[in-house]
1. Looking only at residues that are under 18 Å from A:GLY28 (Cβ atoms) and more than 8 Å from chain A (Cβ to nearest Cβ) in segment B:98-114, which one is modelled with the lowest pLDDT?
2. With the condition kept exactly as written, say whether any residue in segment B:156-166 is over 19 Å from the mean Cα position of the chain (by Cα), away from chain A (no Cβ under 14 Å) and among the β-branched types (Val, Ile, Thr).
3. B:SER32 versus (1) polar (S, T, N, Q); (2) within 11 Å of chain A (Cβ to nearest Cβ); (3) surrounded by fewer than 24 Cβ atoms within 10 Å (Cβ to Cβ): which is the lone unmet condition?
4. Residues in segment B:59-73 that are without any contact (Cβ under 8 Å) to a residue 60 or more places away in the chain and either closer than 15 Å to B:SER133 by Cβ or within 7 Å of chain A (Cβ to nearest Cβ) (or both): how many?
5. Give me the helices (runs of 4 or more DSSP H) completely within segment A:195-293, filtered to those with at least 2 residues that are open to solvent by less than 40 Å² (accessible area, probe 1.4 Å), ordered by residue number.
6. Just give me the residues in segment A:165-181 being closer than 27 Å to B:HIS160 by Cα and in contact with a strand residue (DSSP E or B) (Cβ under 8 Å, 6 or more places away or on another chain), in sequence order.
7. Looking only at segment A:126-181, count every residue that is among the basic types (Lys, Arg) and closer than 22 Å to A:CYS201 by Cβ and tell me the total.
8. Answer yes or no as to whether B:ALA76 is free of Cβ contacts under 8 Å to residues at least 24 places away in the same chain and assigned to a helix (DSSP H, G or I).
Amino acid sequence: MDITSILYPVLSVGGLGVVFGAGLGFAGKVFAVEEDPRIGEVLGCLPGANCGGCGYPGCGGLASSIVAGTAPVNACPVGGAAAAAKIAEVMGVAAGDSEKMVAHVACKGTCDKAKSKYEYFGMSNCTMASQLAGGGAKGCSYGCLGLGSCADACAFGAIEVVDGIAVVDPEKCVACGKCVSACPKKLIALKPESKKTVVNCSSKDMGKTVIANCSVGCIGCKICEKECKFDAIHVENNIATIDYTKCKDCGLCAMKCPKNVIFNPRIEAMKAKKAAEAAAAAEAAKAEEAKAE
Amino acid sequence: MVDYVLLVLAAIFVNNYVLSQFLGICPFLGVSKKVETSAGMGAAVIFVMTLASAVAYFIYELILVKLGIQYLYNIAFILVIAALVQFVEMFLKKSSPSLYQALGVYLPLITTNCAVLGVAVTNMQRGYNFLQSVLNGFGGAVGFALAIVLFAGIRERIEHNNLPKAFEGFPIALIAAGLMSIAFLGFQGLI
């Protein structure tokens, strides 16, 4: 056996390796480009499997998209909430964004409160259903169809369809905004988590139409607008909208809303208490009456 | 001249690397969720595959054949392709940021695209000359780009459909890929 039959392969392949390695090392110095250091940091938070599950070309592609702001911080389905939290930390510090936001579905027209035009047997997908004549089966053409496109879009299981209406769990919501773009009715918006007062309706119909279709719809009466001391709530296109930069969460609007469309947990508790007291008083009066007889 | 045109056409349709030879399936499934990203991947593959077949040709003819160690072609080609992709990425990043923006993020992925190696090996096995190698590489890459863009279009539509739970995601994608492959079978016998 000739020694060259070992020597040549070893030398040639080894040589190629050395040449390429040296060449690349040299090229790395020559063609060095400064890039945003956050890309490296975000990349460090990602699993690094380059699986492409996010729809981007590998973890590096996703990292640069996140830093560029074109991808949400939780776009990695593999890393899940843990990776998203770390990335949010990297990005959040740089963006100076501290206010925690949550998604809110502006419709409470559950099956018992809102009318349906017909029974829908099609695909379980809001986008498809909303393209039908009249914008889906719901009597109110602005209301939640309850087919759960937002719940499908949510990677954190924070949305659930309860009684025909999508409901957000603020504990799980990370405000990625995927549901906002998934909803064909544009019912979902991000709002500051600290502000509890919300308008639970999106109908731009006139009051009469709203009443005909739903018992919890905004009729555009403007009582809230008059009650608000901070100029924070306005009725435009027959729907009340809260400006959260001005809202002080006092709950006056929620208190006065005749259709109970505006919701504030504190006011709601107060109302429930009052109702309970009234019921107790009525009960007592009845008992008194019965005694007197 | 006609031979060369036929060579390119055959590489695109008849011997489509993804759908007829089942090479490069990984990026084919991995980066085909959106038409936009798949087009970027396709463009990057065209760029690299053409270049890689040219460089692999020289490595084979000038080093391996000269030393009589042709059996090492796999190792040598992998080495060349990996180094080439890295170098192209660095070079583009510095010299042409706009082209890097368009292709750049897809480039590292191509290192592991076996279709690139497949083209180099095919060129070597068929004894193609330099021009034939480059044209075969180019045609093969165009075929890859065509397949992945078409497939991404199909997957975008599948996304909105109501599928049985068991078929959601990759299973239906694989079935779609299989059907596409059968469709491309129709090109056999064209040339």
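The values are calculated or read from the model by the stated rules, or taken from the named source; none is laboratory data. Everything quoted here is computed from the prediction, not taken from an experiment. Cβ sites come from the backbone with ideal geometry, for glycine too, and all protein chains shown count toward neighbours. To get the accessible areas, we keep the full protein, side chains included, count just its heavy atoms, and leave off ligands, DNA and RNA. Shrake-Rupley method; radii C 1.70, N 1.55, O 1.52, S 1.80 Å.
1. B:GLY104
2. Let us first name the residues in segment B:156-166 that are over 19 Å from the mean Cα position of the chain (by Cα), namely B:156-166.
Right, trim to away from chain A (no Cβ under 14 Å) and you get B:166.
Filter once more, so that each one left must be among the β-branched types (Val, Ile, Thr): none.
Among the residues of segment B:156-166, not one is over 19 Å from the mean Cα position of the chain (by Cα), away from chain A (no Cβ under 14 Å) and among the β-branched types (Val, Ile, Thr), which makes the answer no.
3. So the condition that B:SER32 fails would be (3).
4. Looking only at that region, the number is 10.
5. On the way: elements: A:207-213, A:223-227, A:252-256, A:265-292.
Result: A:207-213, A:252-256.
6. Within segment A:165-181, A:ILE165, A:ALA166, A:VAL167, A:VAL168, A:ASP169, A:CYS173, A:ALA175, A:GLY177, A:CYS179, A:VAL180 qualify.
7. Start the filter on segment A:126-181 by keeping residues that are among the basic types (Lys, Arg), which leaves A:138, A:172, A:178.
Filter once more, so that each one left must be closer than 22 Å to A:CYS201 by Cβ: A:138.
Residues that pass the stated criteria total 1.
8. Numbers: free of Cβ contacts under 8 Å to residues at least 24 places away in the same chain: yes; assigned to a helix (DSSP H, G or I): yes.
In short, yes.
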